[in-house]
Amino acid sequence: QVQLVESGGGLVQPGGSLRLSCAASGRIFSIDAMGWYRQAPGKQRELVAVATSGGITTYADSYKGRFTISRDNAKNTAYLQMNSLKPEDTAVYYCNARVRTRILAQPFDYWGQGTQVTVSS
């Protein structure tokens with residue numbers, strides 16, 4: 001099995017910054033992509049950013065320029081640096097990893113438990 005553990009959420013004032021971390025562990029042969037999603041109260045889960053193992057990053061338009069995703073492939077860890085935070089960024093942030101558990105295996109998506117980010121004065 002594969003486990004994803006997020007950390008770094010919390011309460012921050014508008015205009016502030018937070019850095020989220022997501023560490024993957026367990027039966028991992030390779031991770032094709034790691035990404036961050038978020039779910040605000042009463043809304044559907046939405047993509048924030050994704051980073052492939054080859055270093056290609058993709059962002060939803062709303063977060064370009066404010067959020068930065070990065071990966072440490074050696075540590076199976078992804079990060080989300082969030083700057084210039086706004087109250088509307090308040091949400092539960094989830095980590096996703098597309099993992100192959102052995103060579104030539106189909107990749108499967110795994111999710112973390114989520115970390116709360118609250119932007120408020």
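The values are calculated or read from the model by the stated rules, or taken from the named source; none is laboratory data. Note that this is a predicted model, so its numbers are computed, not measured. Glycine gets a Cβ as well: all are built from the backbone with ideal geometry, and neighbour counts include every protein chain shown. When the accessible area is computed, the model is the full protein with side chains, heavy atoms only, and any ligands, DNA or RNA have been set aside. Shrake-Rupley method; radii C 1.70, N 1.55, O 1.52, S 1.80 Å.
Just a few scattered comments:
- The Rg/Rh ratio of segment 31-92, with both radii computed over alpha carbons and Rh defined as the Kirkwood radius, is 0.98.
- Using a probe of 1.4 Å on the protein chains alone, the accessible area found for SER17 is around 60 Å².
- Set of lysines near LYS43 by C-alpha distance (under 20 Å), chain-local residues within fewer than 8 positions excluded: LYS86
- A viscosity of 1.002 mPa s and a temperature of 20 °C, combined with the Kirkwood radius over Cα pairs in Stokes-Einstein, give a translational diffusion coefficient for segment 1-64 of 155 µm²/s.
- Between segment 89-121 and segment 1-56, the Cα center-to-center distance that results, in Å: 5 Å
- Here each label is just a point 7 Å from Cα along the line to Cβ, and for LYS43 and THR57 those points are 2.1 nm apart.
- Relative contact order of segment 1-120, pairs being alpha-carbon contacts under 8 Å that are 6 or more residues apart, as %: 36 percent
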